[in-house]
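Notes follow the structure.
The values are calculated or read from the model by the stated rules, or taken from the named source; none is laboratory data. Model, not experiment: these values are computed from the prediction. Ideal geometry is used to build each Cβ from the backbone, glycine not excepted, and the neighbour counts take in all protein chains shown. For accessibility, only protein heavy atoms count, side chains too; no ligands or nucleic acids. Shrake-Rupley method; radii C 1.70, N 1.55, O 1.52, S 1.80 Å.
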Amino acid sequence: MQSYSYGVARWTQVSHAIRLEEMAKPNHILIVGGGTAGWMAANLMAQRWLQQGINISLVESPDIGIIGVGEGSTPQLKAFMDKIGADESDWMPRCNATYKVGISFHNWSTKPGFDSYFHPFPAQPDRENYRAFVHHCYLRRQGFDIDAHPNRYFLPAYLASNQLGPHPNHNFPFEVLYGYHFDSQLLGEYLRDLAVNRGVTHIQGNVNKVLQDEQGNITAVQLQDDDLLQADFFVDSTGFRSLLLQQTLKVPFVSFDSNLFNDSAVVMPTPQGNEYNSQTISTAMKCGWAWEIPLTNRVGNGYVYSSAFCSADDAENELRQKTGSLDSDIEARHLQMNVGQVDKHWHRNCIAVGLSQGFIEPLEATALHIVQETVETFIASFEEGGYTAQNRERFNEILTRRFEGVRDYIVCHYRANSRNDTDYWRANAANENLSISLKNLLRTWLDKGDLTQEIQRQDISRYYNTISWHCLLAGYGLFPDHTTLTAVGEDKKIYDLSKIDEFIRRCALNFEKHSTQLSFSVGESMRASPGS
Ligand SMILES: Cc1cc2nc3c(=O)[nH]c(=O)nc-3n(C[C@H](O)[C@H](O)[C@H](O)COP(=O)(O)OP(=O)(O)OC[C@H]3O[C@@H](n4cnc5c(N)ncnc54)[C@H](O)[C@@H]3O)c2cc1C
């Protein structure tokens, strides 16, 4: 085992406390944990602070593995990669990555015509279509006979169903935002190499003790071989263990189990075919849902379920049936999930980043998005206000609201389902443990009110915007009950859907097949990974 001490004289407990309060920026940051979250934090902090003389080190256990799942992202990961200067032609082949223009949801609704819908990432050409979609949803909720299924209104839905990639030809100067699918183990390794090349100190060692001063601030971590790693600020990226924030600083964990029932997952790979999907597929199962994530060398599959309704064996069996792997010897991995968030994301001289700060199951693949936001918010708030209680409180409030905002959108997928086939789905549909925010959104929608205005009133569009909420509710076919629909009269403005169809079809002519756009990453450069 390789380990280092920093050779810095240990401060006395008193001087440490004074220093922290006076600190404009940390002088030495120690990140504990080398999963994707730890290495994302290392890269962002290194980029901002290394040149200012701040030391950044990361210690990870050579014995405790990373969680090794988490293969889908939002478009925020592109923003992250751009920010740290990682070029797609470099990192994508190394991580067997593919593009993602959105998520398809299958079998979440039993309403005729709504057995599947697509949740798109934003695309510039859709700007006018957004208006049409929201307006038609409004008319449909008033009981008019108009097509308000989201799929017809969005270019990414067309791209995904035709297995096209998100990069347009040069003569089409409009942007389609996209995220990625990737091998999480390989992504962590890529980010590690980048950070180490840039000057982050990488230490391997098992932390078995966390030392605190009299005020409770962390002064150092002690490794198995007794080496001490000192720093003045600590980042807890130890995954669900949350060794620093939860175990040492005793920050409580606020569970979301009263409204998000899933607490387990089983994952297994299957072979990749010839065509590459540019979307994640999320299929509702008996007691949860299953993802299908295309990488260049395999397809990642996972079933997220509630152990209160389904045994691990039954879940694995159902996933094997779905993926056609009943008789195969492909190994399945079983995982437990802590769904919720810490009461404070920043406490004393420590922030938690990644699974150690919380997790809202992977339905919309938001975890790495939140990792980036956490680190960037921390950098910004530290630079603005230093180590003050007020600054910490504001940071904690931003992060707590962020978790709650994502949680409510995810909860809505379960609450609004119309399946009646298992106790699990019936319990979800009957669940009244909803936030006031979500209750108001659902009431506004079903009372035929202006949902966009309600989202603005609540100031929650930065979590999920009006298009995402409309896609979810209209995509489920959740409309106020009207036994018969009224034909739309001449007096009502409507958009010509055949023109929208034609517009999207013509836009899509500027996009090549996803597999062609991946040509730099498919083939010889493909790397083996633990999940492959
Ligand atoms: C089923 C499932 C599906 C998911 N899907 C998605 C998805 O699609 N998209 C998405 O964005 N996210 C997803 N996630 C979340 C994603 O996996 C994580 O957010 C991401 O991998 C970051 O994990 P982490 O770095 O916080 O923790 P981990 O990967 O668990 O890393 C923890 C690190 O801490 C180290 N460590 C622990 N204890 C010690 C110790 N005592 N001493 C030294 N080091 C220690 C370990 O060695 C390791 O390096 C999913 C999660 C689950 C459970």
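Of note:
- Those residues of the stretch 47-65 which are in contact with a helix residue (DSSP H, G or I) (Cβ under 7 Å, 6 or more places away or on another chain) and open to solvent by less than 10 Å² (accessible area, probe 1.4 Å), in sequence order: Ile56, Leu58
- Residue pairs whose Cβ atoms lie under 6 Å apart, separated by 6 or more positions or on different chains, with the first residue in the stretch 70-92 and at positive phi and the second of a type outside the set (A, V, I, L, M, F, W, C), are Gly70/Ser184.
- Screening Cys350 on (1) open to solvent by less than 10 Å² (accessible area, probe 1.4 Å); (2) away from the ligand (no atom under 16 Å from the Cβ); (3) touching a strand residue (DSSP E or B) at 6+ places or on another chain (Cβ under 6 Å) shows it passes everything except condition (2).
- Unmet criterion (only one of (1) at pLDDT 95 or above; (2) open to solvent by less than 10 Å² (accessible area, probe 1.4 Å); (3) not polar (S, T, N, Q)) for Phe382: (1)
- Hits in the stretch 353-379 (condition: more than 16 Å from the ligand (Cβ to nearest atom) and either at pLDDT below 95 or hydrophobic (A, V, I, L, M, F, W, C) (or both)): Ile379
- Filtered residues of the stretch 295-333 (kept if of a type in the set (A, V, I, L, M, F, W, C) and in contact (Cβ under 8 Å) with a residue 60 or more places away in the chain): Leu295, Phe309, Cys310, Ile330, Ala332
- Pairs are defined by a Cβ separation below 9 Å, a sequence spacing of at least 6 or placement on different chains, a first member in the stretch 369-392 that is under 14 Å from Asn43 (Cβ atoms), and a second member that is buried (at least 18 other Cβ atoms within 10 Å of the Cβ) and of a type in the set (Ser, Thr, Tyr); the pairs so defined are Val371/Thr36; Val371/Ser237.
- Of all positions in the stretch 435-452, at least one carries a residue that is part of a loop (DSSP other than H, G, I, E, B) and farther than 25 Å from Gly143 by Cα.
- Number of positions in the stretch 301-325 that are within 15 Å of Thr283 (Cβ to Cβ), open to solvent by 50 Å² or more (accessible area, probe 1.4 Å) and modelled with pLDDT of 95 or more: 2
- Residue ID - least open to solvent (accessible area, probe 1.4 Å), chosen from residues in the stretch 335-347 that are within 12 Å of the ligand (Cβ to nearest atom) and not hydrophobic (A, V, I, L, M, F, W, C): Asn338
- Criterion: among the basic types (Lys, Arg) and under 15 Å from Val342 (Cα atoms) - qualifying residue of Arg426, Arg415, Arg401, Arg419: Arg401
- Candidates Ile103, Ile146, filtered to the one that is among the β-branched types (Val, Ile, Thr) and touching a helix residue (DSSP H, G or I) at 6+ places or on another chain (Cβ under 7 Å): Ile146
- The lone criterion from (1) touching a Pro at 6+ places or on another chain (Cβ under 7 Å); (2) open to solvent by 60 Å² or more (accessible area, probe 1.4 Å); (3) among the hydroxyl-bearing types (Ser, Thr, Tyr) left unmet by Tyr99 is number (2).
- Residue in the stretch 262-280 that is modelled with pLDDT of 95 or more and of a type in the set (Phe, Trp, Tyr) present: no
- Pairs with Cβ under 9 Å, 6+ apart, first in the stretch 423-444 and β-branched (Val, Ile, Thr), second outside any helix (DSSP H, G or I): Thr444/Asp450
- Inclusion of Cys507 among residues that are farther than 22 Å from Phe144 by Cβ and assigned to a helix (DSSP H, G or I) is warranted.
- Residue in the stretch 133-141 that is more than 25 Å from Tyr476 (Cα to Cα), hydroxyl-bearing (Ser, Thr, Tyr) and touching a residue at least 12 places away in the same chain (Cβ under 8 Å) present: no
- Any hit, the stretch 251-263, residues being more than 19 Å from the chain's Cα centre (by Cα), open to solvent by less than 40 Å² (accessible area, probe 1.4 Å) and closer than 30 Å to Leu58 by Cβ: yes
- Flag if Leu485 is surrounded by 13 or more Cβ atoms within 10 Å (Cβ to Cβ), at pLDDT 95 or above and not small (Gly, Ala, Ser): no
- Selection over the stretch 39-76 of residues that are among the hydrophobic types (A, V, I, L, M, F, W, C), touching a Lys or Arg at 6+ places or on another chain (Cβ under 9 Å) and within 13 Å of the ligand (Cβ to nearest atom) gives a count of 5.
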